[in-house]
Amino acid sequence: MIRTFLAVTFLASASVAQAGEDRIVAYEGSFDDATFAVESAIVDRGLVIDYVSHVGDMLNRTGADVGSDRQLFVDADIFVFCSAVVSREVMEADPMNLAHCPYGIFVAETSEGVIVGRRDYPDGAMDKVEALLDGIIDEAVAN
């Protein structure tokens with residue numbers, strides 16, 4: 001996911017950038033506004049956020065410890081959650097889809113702006129997961 005993010009170039013005329021099948025959408029607003037919008041879009045669907053991974057904080061805190069002075073993100077969070085309905089559908093199609101659960105939507109800020117996105121999932125039954133995540137992303141960036 002980070003590799004994909006770093007490969008994306010923000011273009012003023014493009015609100016959506018795709019690298020491979022990962023979905024990355026520019027957010028017009030602050031990081032805090034974007035995280036609130038994503039959280040709201042998830043909860044509004046009756047889903048429970050299991051965990052918010054503060055990846056940006058961890059990377060900023062540990063950079064010097066691993067010999068790096070490069071700041072990858074101003075801030076970055078990943079919202080981790082699951083949908084009982086969608087998960088059952090995709091795992092009934094293939095129980096090994098278990099490996100993809102829970103699902104995540106990330107919000108990141110760099111010096112170039114704020115983005116919201118998700119990683120790619122395998123074609124087939126996991127298209128339902130991508131549709132769920134895309135709906136959440138679309139709602140969040142529309143706010």
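Quick note: the coordinates plus some simple rules give every number you see, no bench work behind them. These figures come from a predicted structure and were not determined experimentally. Heads up, the Cβs are rebuilt from the backbone with ideal geometry, glycines too, and the neighbour counts pull from every protein chain shown.
For segment 64-129, which trypsin sites (Lys or Arg not before Pro) are both in a DSSP coil and crowded by at most 13 other Cβ atoms within 10 Å?
Here the sparse-neighbourhood loop sites are 70.
Could you tell me which GluC sites (Glu not before Pro) in segment 107-143 are loop residues by DSSP with no more than 13 other beta carbons within 10 angstrom of their beta carbon?
Numbers: sites: 109, 112, 130, 139; in loops: 112.
Listed in order of number, the matching sites are 112.
About its Cα centre, what dipole magnitude does the chain give when the only charges are +1 on Lys and Arg Cβ and -1 on Asp and Glu Cβ, stated in debye to the nearest 20?
Numbers: 9 positive and 25 negative charges, 50 e Å.
The dipole magnitude comes to about 240 debye.
Please report, for the Cα atoms of segment 2-142, the Rg to one decimal and the Dmax as a whole number; what are they, in angstrom?
Cα only, segment 2-142: 15.4, 46 Å (Rg, Dmax).
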